[in-house]
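First comes the structure, then the notes that go with it.
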Number of protein chains: 2
Amino acid sequence: MKRISIWLLGCLLSLVVVAQESGVVGLKSPCVNGNVVEIVIDAPDAHEVLLQADWATSPIAMQPIDGGRWYYSSEALLPGMYTYTLLVDGVVATDPSSPYIVRNIDRLYSYFIITGSHADNYVVCDVPHGSVTTAWYRSEQSGCHRRLTIYTPAGYETTDRSYPVLYLLHGMGGDETSWSELGRATVILDNLIASGRALPMIVVMPNGNMAQQAAPGSSSRGLEAINFRLPRTYNAEFESAFGEIVNYVDRHYRTLPQASHRAIAGLSMGGYHTHYISANYPQWFSYVGLFSPAINPRSDIDMYRNIDAKLDILRHSSLRLYWIAIGQDDFLYNEVVELRNRLNAINFPYVYRESSGGHVWENWRIYLTEFVPMLFR
Amino acid sequence: MKRISIWLLGCLLSLVVVAQESGVVGLKSPCVNGNVVEIVIDAPDAHEVLLQADWATSPIAMQPIDGGRWYYSSEALLPGMYTYTLLVDGVVATDPSSPYIVRNIDRLYSYFIITGSHADNYVVCDVPHGSVTTAWYRSEQSGCHRRLTIYTPAGYETTDRSYPVLYLLHGMGGDETSWSELGRATVILDNLIASGRALPMIVVMPNGNMAQQAAPGSSSRGLEAINFRLPRTYNAEFESAFGEIVNYVDRHYRTLPQASHRAIAGLSMGGYHTHYISANYPQWFSYVGLFSPAINPRSDIDMYRNIDAKLDILRHSSLRLYWIAIGQDDFLYNEVVELRNRLNAINFPYVYRESSGGHVWENWRIYLTEFVPMLFR
């Protein structure tokens with residue numbers, strides 16, 4: 001009860017503020033106070049309201065409180081970005097009081113940020129901001145135009161200098177918007193660059209599903225159902241056409257077009273792409289990052305063969321960093337153990353980072369925050 | 001019953017398709033067939049499901065059908081983009097089966113498109129697409145960086161040519177994302193340009209609220225409550241600082257920096273901005289569009305005084321088109337009657353377009369679709 005009383009006081013103050021600003025009395029939810037989040041919804045006619053929270057393993061029953069409202073207060077949460085949905089009498093909904101949502105594959109989620117340590121990088125700060133562009137490049141191999149997202153750092157428009165480039169790849173079910181939206185990559189880059197922890201760089205986020213021209217809703221397929229697993233993945237089609245993307249970026253942006261100024265990283269399926277692109281084109285990238293990589297080939301084709309020999313060429317090329325990160329609870333953990341054994345057997349130099357947690361975006365945000373400062377030094 | 005039977009057949013086919021593609025049996029909702037939309041939600045534990053549809057004047061009770069589902073089928077709808085939300089036992093939700101949403105000020109809505117006539121322009125087609133950039137310009141007058149959205153037409157990156165520019169302004173409660181997202185301006189421009197109905201042009205969509213640096217969630221204010229009415233509007237602050245935006249665009253993009261290659265248009269508050277910017281800077285724009293303009297000044301300051309004399313200078317400058325559009329049911333209709341009387345009294349040349357409907361985005365999309373083809377001819 002004490003917590004509810006404190007919350008009610010805080011919420012009443014919030015209501016006053018919302019009422020003053022908007023002329024409408026509304027709820028403030030989610031309400032983040034330090035490392036606690038409070039969620040409240042106005043649902044006098046609902047019989048059950050469950051909270052599906054990515055910080056809990058099972059749905060949480062929200063508590064009915066006075067005035068037809070339902071209430072939840074968290075325990076102390078670690079710093080991070082959190083997502084949740086509600087189940088109102090069995091129907092999934094985002095928080096009605098918050099227009100701030102992210103899409104993860106085919107679902108929308110409300111979100112909030114508990115600040116502190118790495119999560120401070122997820123907050124939009126009053127620093128110089130880069131530009132974010134969705135552009136279309138011609139893929140001759142696919143016979144169509146395909147969309148990508150490009151971040152150019154603050155100052156790009158006002159100077160003549162050229163920049164290094166990080167290519168950042170999404171996982172299965174993702175698309176060219178995943179890193180910039182759900183991954184908060186552009187916010188993270190802004191903050192790392194503004195504080196001097198990372199060098200200014202261009203970040204290119206392509207669409208790794210060759211069955212798509214663009215993210216769902218942004219191509220001529222219309223408002224289609226979103227599939228987690230698309231055809232034309234794990235068949236080397238994306239990897240073998242990757243040069244089209246690099247050429248497009250080098251032609252249309254002020255890049256430093258040498259391996260020493262190029263990095264590539266990806267999560268899950270994107271880690272797989274990263275592994276095989278960097279091995280097959282050893283002259284292209286000096287910095288390679290595998291985030292929770294889904295590493296084992298699904299088909300037996302040239303690009304996936306003789307990898308040990310290819311990695312040997314890569315290590316004797318301009319490679320400066322090969323960084324592998326995975327969470328202890330990741331279902332791909334053993335795949336990464338196998339990869340490390342294989343790399344150890346050929347004395348391939350890499351840096352290994354093991355975190356807590358599983359195959360989740362919070363880990364990928366953390367890995368990005370750690371990987372980017374090591375680049376182009 | 002007959003309609004429900006036909007729907008069930010269609011829906012069963014949809015279920016098969018969704019199941020085949022994703023491996024998960026899910027609902028397809030909304031389901032557009034010709035000019036009819038069907039909405040179905042899975043809510044066995046709900047006691048009431050209402051549909052709040054922008055094509056209906058009051059909430060519609062959805063009908064319980066077999067299997068714990070709730071069903072709605074529309075009458076024949078006119079071509080257009082439509083938005084809706086659900087009320088599940090009193091709690092507002094977007095359609096759980098659709099990740100496709102738009103934000104209108106502080107609320108999220110599911111949407112769909114009924115094709116035909118002007119609405120064919122709202123559909124992403126397999127045509128060359130322009131790039132869309134969110135960039136930050138320095139506003140010396142505000143002492144901060146402010147964000148804008150810039151559309152560059154297909155081919156911009158691959159040619160050296162320079163382009164005319166349309167400045168496109170949002171209304172109260174909107175921001176630099178309103179026209180590109182809710183207004184589907186970038187899709188409309190792609191389609192008009194690809195079909196030769198409009199000339200290739202750059203479109204600049206700034207943030208007209210000087211109290212904001214950027215859209216909610218994209219500035220250092222964090223995930224704030226969104227206010228419909230912000231301070232620092234209707235005080236000439238945006239209008240008098242507009243040159244900063246024009247200068248930024250002319251410096252950083254390949255523009256044709258003459259009035260004959262510049263247009264400005266805006267909806268509601270943006271129509272007000274457009275009226276006063278074009279009148280006070282008569283050398284800047286040859287094409288002016290007022291969409292449902294909120295035209296009467298809220299304060300007595302220099303920029304809003306002596307408008308008749310300023311308009312007289314404007315008409316004798318390089319003005320080629322002054323286009324005013326409003327819906328018959330718009331609450332600002334009489335303001336526009338007054339404006340027209342004032343313009344008639346001074347023999348100011350303008351083109352008047354009266355549509356059906358009110359102060360709604362569907363009208364603004366239509367106006368954009370009609371206005372853009374007239375530019376730069």
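The values are calculated or read from the model by the stated rules, or taken from the named source; none is laboratory data. Everything numeric here is computed off the predicted structure, so don't read it as measured data. Cβ coordinates were reconstructed from backbone atoms using ideal geometry, including for glycine residues, and neighbour counts include every protein chain displayed.
Any idea which residue in the range B:239-273 is surrounded by the most Cβ atoms within 10 Å (Cβ to Cβ), counting only those that are within 24 Å of B:P297 (Cβ to Cβ) and of a type in the set (F, W, Y)? The extreme case among them is B:Y272. Considering each residue of the range B:24-41 in turn, none proves to be surrounded by fewer than 21 Cβ atoms within 10 Å (Cβ to Cβ) and within 24 Å of A:D42 (Cα to Cα). Just so you know, in the range A:1-37 the residues that are modelled with pLDDT of 95 or more and away from chain B (no Cβ under 12 Å) include one that is nearest to B:E224 (Cα to Cα), and it is A:N33. A:G196 meets the stated requirement of being under 30 Å from A:G116 (Cα atoms), part of a loop (DSSP other than H, G, I, E, B) and not charged (D, E, K, R). If you go through the range B:286-314 and pick out every residue that is closer than 23 Å to B:T255 by Cα and either not in a strand (DSSP E or B) or not assigned by TED's automatic domain parsing to the domain that holds B:Y234 (or both), you end up with 2. Output the residues belonging to the range B:207-254 that are among the aromatic types (F, W, Y), assigned to a helix (DSSP H, G or I) and within 14 Å of chain A (Cβ to nearest Cβ). The answer is B:Y248, and nothing else. Looking across the range A:357-377 at every residue that is surrounded by fewer than 17 Cβ atoms within 10 Å (Cβ to Cβ) and in contact with a Gly (Cβ under 6 Å, 6 or more places away or on another chain), the one that is farthest from A:F331 (Cα to Cα) is identified as A:G357.
Kindly establish whether A:T115 is farther than 23 Å from A:L223 by Cβ, at pLDDT below 95 and more than 7 Å from chain B (Cβ to nearest Cβ). So A:T115 fails the test. Selection of the range B:94-106 for residues being at the interface with chain A (Cβ under 8 Å from one of its Cβ atoms) and farther than 12 Å from B:I39 by Cα yields B:P99, B:Y100, B:I101, B:R103, B:D106.
If the condition is being within 13 Å of chain A (Cβ to nearest Cβ) and closer than 21 Å to A:G222 by Cα, then the range B:43-82 contributes B:M81, B:Y82. Of the candidates B:L166, B:L189, B:L182, the single residue that is aliphatic (A, V, I, L, M), more than 8 Å from every other protein chain (Cβ to nearest Cβ), out of contact with any Ser or Thr (no Cβ under 6 Å at 6 or more places or on another chain) and in a strand (DSSP E or B) is B:L166.
If you go through the range B:314-329 one residue at a time, how many are under 13 Å from B:S355 (Cα atoms), without any contact (Cβ under 8 Å) to a residue 40 or more places away in the chain and either crowded, with 22+ Cβ neighbours inside 10 Å or of a type in the set (A, V, I, L, M) (or both)? The total comes to 3.
Return the residues of the range A:71-119 that are on the phi > 0 side of the Ramachandran plot, surrounded by 21 or more Cβ atoms within 10 Å (Cβ to Cβ) and either among the aromatic types (F, W, Y) or not in a loop (DSSP other than H, G, I, E, B) (or both); say none if nothing qualifies. A:G80 - this is the single residue of the range A:71-119 that is on the phi > 0 side of the Ramachandran plot, surrounded by 21 or more Cβ atoms within 10 Å (Cβ to Cβ) and either among the aromatic types (F, W, Y) or not in a loop (DSSP other than H, G, I, E, B) (or both).
Taking the numbered list (1) in contact with a Gly (Cβ under 6 Å, 6 or more places away or on another chain); (2) aromatic (F, W, Y); (3) in a loop (DSSP other than H, G, I, E, B) in turn, A:Y151 passes all entries but (3).
Does the range B:62-76 include one or more residues that are modelled with pLDDT of 95 or more, over 17 Å from B:S97 (Cα atoms) and under 23 Å from the mean Cα position of the chain (by Cα)? The answer is no; no qualifying residue exists.
The residue list B:S260, B:S317 contains one member that is of a type in the set (G, A, S), part of a loop (DSSP other than H, G, I, E, B) and more than 20 Å from the chain's Cα centre (by Cα), which is B:S317. One residue alone among A:T149, A:T159 is at pLDDT below 95 and more than 8 Å from every other protein chain (Cβ to nearest Cβ), and that residue is A:T159. Restricting A:Q212, A:Q283 to residues that are under 30 Å from B:K28 (Cβ atoms) and either assigned by TED's automatic domain parsing to the domain that holds A:N363 or in contact with a strand residue (DSSP E or B) (Cβ under 9 Å, 6 or more places away or on another chain) (or both) narrows the list to A:Q212. Counting the residues of the range A:52-70 that are without any contact (Cβ under 8 Å) to a residue 40 or more places away in the chain, under 24 Å from A:I366 (Cα atoms) and buried (at least 16 other Cβ atoms within 10 Å of the Cβ) gives 2.
Considering A:V40, A:V91, the condition of being facing chain B (nearest Cβ under 9 Å) and farther than 26 Å from A:R365 by Cα is satisfied by A:V91 alone.
Name every residue in the range B:120-141 that is within 13 Å of chain A (Cβ to nearest Cβ) and part of a loop (DSSP other than H, G, I, E, B), in order of residue number. Answer for the range B:120-141, where residues must be within 13 Å of chain A (Cβ to nearest Cβ) and part of a loop (DSSP other than H, G, I, E, B): B:V123, B:V124, B:C125, B:D126, B:V127, B:P128, B:H129, B:G130. As a summary of the residue check, B:F238 satisfies the conditions (1) hydrophobic (A, V, I, L, M, F, W, C); (2) in contact with a helix residue (DSSP H, G or I) (Cβ under 9 Å, 6 or more places away or on another chain); (3) touching a residue at least 40 places away in the same chain (Cβ under 8 Å) except for the one numbered (3). Here the condition is being in contact with a Ser or Thr (Cβ under 9 Å, 6 or more places away or on another chain), among the hydrophobic types (A, V, I, L, M, F, W, C) and crowded, with 18+ Cβ neighbours inside 10 Å; of B:A225, B:A211, it holds for B:A225 alone. Against the test of being in the same structural domain as A:G208 (by TED's automatic domain parsing) and either within 30 Å of B:W70 (Cβ to Cβ) or not charged (D, E, K, R) (or both), the options A:V91, A:V127, A:V102 yield a single qualifying residue, A:V127.
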